[in-house]
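Here's the structure we're looking at; comments come further down.
The values are calculated or read from the model by the stated rules, or taken from the named source; none is laboratory data. These numbers come from a predicted model, not from an experiment. Here Cβ is always computed from backbone atoms with ideal geometry, including for glycine, and neighbour counts include all displayed protein chains. In case anyone asks, the SASA skips ligands and DNA or RNA and just uses the protein heavy atoms, side chains included. Shrake-Rupley method; radii C 1.70, N 1.55, O 1.52, S 1.80 Å.
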Amino acid sequence: ANNITFYARRGDISNAPENSMPAIKAALALTPNRPGDAVGVLFDIAVTHDARPFVFHDDNMLRLTGRDLAAHDVTSQQLTSGLLEFGTQSNGMNYTEPHKIQLLEQLLPALCSWGRDHVGNGTVRVAAAVDMHLHTKSIQKIVDMLLSPEIAPCLVNKSTHELLIIAKDVHTAKVAKSRVDEHNSKTPVSLRVHPGTLPGGVYFWIKSELLHWWSGADGISAHISVYERFEPLMRHYNALGFCVGVYGGIEEQMEKFRKVADFAIIDRPRGISFADGEFDVDGAAQTYDKARLLYDVTLSLLAVLLIAWVFV
């Protein structure tokens with residue numbers, strides 16, 4: 001069975017809001033339940049109105065700050081001055097005080113400094129998720145920050161020796177892959193894409209082997225319910241040499257996926273339900289079933305056209 005790196009989704013939110021610095025540090029201080037596994041943190045990246053990446057998940061600031069403001073309308077001055085902060089209530093949790101929302105340029109050096117003081121070899125395991133539709137230049141800027149010579153060496157997962165970047169869609173993956181290649185960095189990057197956002201669902205794109213070719217990604221991440229329904233498909237993808245990750249559960253739920261998954265994005269504390277929307281299992285299943293039908297029909301039509309071309 002594979003060893004797995006467990007990334008705490010948006011940090012350990014037991015005592016601080018998701019994606020805040022205390023939550024991220026708390027997640028990095030956790031220890032895995034099984035020897036050989038590793039623990040890291042996944043944080044999300046948005047971009048301000050003045051084009052500075054910051055650590056935040058939602059399209060709107062309301063759920064986490066109490067301010068009804070689109071994330072792309074936020075200014076970096078609002079964040080650095082403390083005019084806009086994480087509130088004291090979110091995801092059913094109550095916190096004793098508000099916390100600052102971090103610009104990515106603040107978070108990364110702070111994490112590296114913290115890692116040198118608190119982690120044996122100075123590296124911190126992070127997964128950077130670009131979970132919004134961003135402009136090309138914004139995606140490039142995020143990659144530049146992650147792969148800067150001062151930052152990249154301390155962000156490498158010491159288990160897989162890679163920096164993990166997760167892209168929301170194919171455009172983000174393609175731009176990120178191109179920028180990573182331009183850097184020619186000594187830090188290997190594992191680029192994954194959330195295939196559930198692709199038109200037609202994941203089935204067609206994985207089964208036809210077009211996902212990897214189109215996006216440039218070396219793997220996927222998908223919700224745990226997708227694995228449970230389409231495990232043979234995931235094994236097929238893994239057998240092709242591509243990497244697979246799973247998210248949406250806790251450590252114990254991931255045991256069954258050790259043969260195909262090399263990382264898991266877990267919820268901390270256990271059983272927490274992020275209030276930004278539950279994964280639509282039934283809707284996903286219907287989409288995937290339609291995509292499987294599309295794949296089968298496409299193959300059948302190609303076979304008929306080939307026979308017609310040969311014999312007519």
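A few points about this structure:
- Exactly one residue among Leu64, Leu107 is under 30 Å from Thr123 (Cα atoms), out of contact with any Ser or Thr (no Cβ under 8 Å at 6 or more places or on another chain) and touching a residue at least 40 places away in the same chain (Cβ under 8 Å), and that residue is Leu107.
- Single unsatisfied condition, Val55 versus (1) modelled with pLDDT under 95; (2) out of contact with any Pro (no Cβ under 9 Å at 6 or more places or on another chain): (1)
- Residues in the stretch 1-50 that are charged (D, E, K, R) and within 22 Å of Glu162 (Cβ to Cβ): Arg9, Arg10, Lys25, Arg34, Asp37, Asp44.
- Taken over the stretch 55-73, the criterion of being under 19 Å from Ala129 (Cα atoms), open to solvent by less than 40 Å² (accessible area, probe 1.4 Å) and not small (Gly, Ala, Ser) is satisfied by Val55, Phe56, His57, Asp58, Met61, Leu64.
- Helices (runs of 4 or more DSSP H) enclosed by the stretch 75-162 - at least 1 residues per element that are under 17 Å from the mean Cα position of the chain (by Cα), of a type outside the set (S, T, N, Q) and at pLDDT 85 or above: 104-118, 136-146
- Positions within the stretch 13-32 being of a type in the set (Ser, Thr, Tyr) and open to solvent by less than 40 Å² (accessible area, probe 1.4 Å), in sequence order: Ser20
- Among the candidates Val39, Val47, residue that is more than 20 Å from Val124 (Cα to Cα), aliphatic (A, V, I, L, M) and surrounded by 16 or more Cβ atoms within 10 Å (Cβ to Cβ): Val47
- Those helices (runs of 4 or more DSSP H) of the stretch 180-289 in which at least 2 residues are at pLDDT 70 or above and over 19 Å from the mean Cα position of the chain (by Cα), considering only elements entirely within it, cover 210-215, 224-229, 231-239.
- Close pairs from the stretch 166-179: first open to solvent by 20 Å² or more (accessible area, probe 1.4 Å), partner small (Gly, Ala, Ser), Cβ under 8 Å, at least 6 apart: Lys168/Ala129; Lys174/Ser215; Lys174/Gly216; Lys177/Ser215; Lys177/Gly216; Lys177/Ala217; Ser178/Gly216
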